[in-house]
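Below is one structure, written out as structure tokens; the observations come after it.
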Amino acid sequence: MASNANALTRPPSPVADRSEIALPAWWRDGLFWLTLTLSAFAVAPFLLPGYFWGANDARHHVYFLFEYDRLVQDGIWWPRWSPDFAFGYGYPFFNIYGLFSHFLAELFHHFLGFSFTAAVEAVFSVSIVASAGSMYLFVRSWLGRPAAVIAALAYTYAPYHLLNLYVRANLAESMAFAWLPLCLWAAREAVLRPAYRWVLALAISYAGLMLTSNLVIVLFTPLLAGYVLLLTIIHSGVATRGQAWPRRAAAWLRRCLAPALGGLAGLSLSAAFWLPAFLERQYVRVDQWFGGRYAYQGHFVYWQQYFNTPWGFGVSVPGPNDSISFQLGAAIVAFALLGILLVWRAAGPLRGEIAFFVASALIAAGVASTSATPLWEMPIVGAMLQTAQFPWRWLILVVICLAPLAGLLGHRSLLAEQERLSLPLLAALTVLILAAYPYLQVEIREPAEGPVSLASLMRFQQSSDEMTGSTAWVKQIPTWSPMADYYLSQEAAGKTVEPINTKLDYSIFDYETFSASSVAHDTVSEEIYYFNGKTTPQTIIFNQFYYPGWNAYLLDSKHGRRVAQVPVVPEAAGTLGRMTVQVQPGEGYLLLIYEDTPPRTAGGMISIVTLVILATGTVAAILYQRRKLRLRR
């Protein structure tokens, strides 16, 4: 007890930046592995038998994966068109929605034989462990190992994170939690120690976040940019003090060059996704995303909700009585406040970063609250805020800021007397886990639509009014389709539900002077034989929404080569905006196929060139390091 008393009464030493302290490699860091082990409590609910079909987006992600797998069966690993959404009329889902999470799920399903539900749960589990590990690595680099364990578990067991996992069941946003600390870590190291490896790390992590959730990256980028700017000013200030402004500005530019290159490389690396998603967004109906029950006005957080403890499995509704919780977590907030109080006076250069995370957490919480309603209604500012769709989605920034602040409790005080596991540190970790323990549960249910199939996908779309996105040419969103009828008739007859073999609309054929039949059909193409015995061009209609990228070609009947391209246009009559193709008198073969547009081609080329440059730079950096080692010997 005497030694502890002395530790409490002796003058505190300045809090050093832990990046200057030699730390073991992460794979030899026992506390890192302890952090991953302790994240298992959050994984445990996904190991229960069954699946949580009743969670907000739990069904969505099973059917997203189901559709992804349908395309993979046709050899398409980077899909853009989802042929079975909107009751089979199709939708460019993966052209505008990050596919990384479902790509991982497809690896589990396709190569390891996981069921669709098990594959989704596996990715949720991976996201939990990866989130804990990435936050540990970020905080360890500047606050030390004990602080990193606390921050990582605060991040993992933050109520909003658990809400995303068990209640909202949002796979993409849950996986985004893993990328956020990696971006902050790589950006910080790139400012402090500019080196190619940190440029590469930031490029990969930022691109990974973009491919995972293009929505979260829009919210996170200002925070990341602000953090880089702050670090640049702090770590350039001492060296440039007393110098003229041009010299100081030049020093700041040199300091932020590496993170700027990393961010630009990340954008270039992911251009294959975001460039067409941005340029072709105008061709989908966005009113479905921001109107009705999705209107932001009904989803603000009341300040008392940040501290309310009731936990529910419902949805967000207008007013303060949501059947889900938006609490910040009493234990995490208490840890953060206590950590700030203990560290602040001796924080030295870390005060700027601490203040930055405090201010960012308060701003994000304010933006999500009812107090920010006037901001959301302003022309320019409101448009930026509404990219979140729901105000409470800004809470992801509160969590990413609160976790390092909670970790401060392990930086100074008895918890961090040594860079190892101690009894006080273990007690702190226990408090974090026990505080979250009542929320570590999922509601296992049976699927209301039956086993996963095309028929159950149609029933889900009809009963929930979900996954019925439409393109800009659709005047009235359909509520059923001939394709849906076909799938349910197969099921009713006791047959295995198989994909349709054509999307031709046969209702316009008279069969005496005009007919067509499908020769070959898959998820993103269809070849047909047509006969037009009339003297004028006739129109063929396909039961698919019109969207850029669908092209039609006349084929050589002998060799199947493309001999001419014919226009694909949306139908003028009706409300569905389906694709139509005119064929001339006579007979022949026509191919309708989904191909790349100029934005998709340009984005792909940018990504490939960036990948080659980064790979070349990586090889050069490795060879340079080996040469340096040989010279030292």
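No value in this document is a laboratory result; all are computed from the given coordinates. All figures in this text were calculated on a predicted structure; none of them were measured in a lab. Glycine gets a Cβ as well: all are built from the backbone with ideal geometry, and neighbour counts include every protein chain shown.
Quick look at the numbers
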| read-out | value |
| --- | --- |
| Estimated FRET transfer efficiency when R0 is 22 angstrom, pair residue 193-residue 36 (beta carbons, to 0.05) | 0.30 |
| Ranked packing of 289-295, 74-80, most packed first, by mean Cβ within 10 Å | 74-80, 289-295 |
| Mean-position separation - Cα centroids, region 563-633 and region 163-228, in angstrom | 25 |
| Stretchable slack from residue 462 to residue 341, in nm (0.36 nm times residue separation minus alpha-carbon distance) | 38.2 nm |
| Label-point gap, in nm, between residue 386 and residue 73 - each point 7 angstrom along Cα→Cβ | 4.0 |
| Flagged links, alpha-carbon separation over 29 Å, of 503/558; 495/558; 475/503; 475/534 | 495/558; 475/534 |
| Most to least packed among 455-461, 219-225 [average Cβ atoms within 10 Å] | 455-461, 219-225 |
| Residue 307 versus residue 370: modelled label distance in nm, points set 7 Å from Cα along the beta carbon direction | 1.6 |
| Separation in nanometres of the label points that stand 7 Å from Cα toward Cβ, at residue 520 and residue 496 | 2.2 |
| Distance from region 433-499 to region 307-335 (C-alpha centre basis), Å | 29 |
| Potential extension, residue 423-residue 619 segment - 0.36 nm per residue separation minus Cα distance | 66.1 nm |
| Cβ-derived FRET efficiency at R0 56 Å, residue 511 paired with residue 443, nearest 0.05 | 0.60 |
| Cut-off 19 Å, label 7 Å out along Cα→Cβ of residue 293, residues of region 55-72 by amide N | 55-64 |
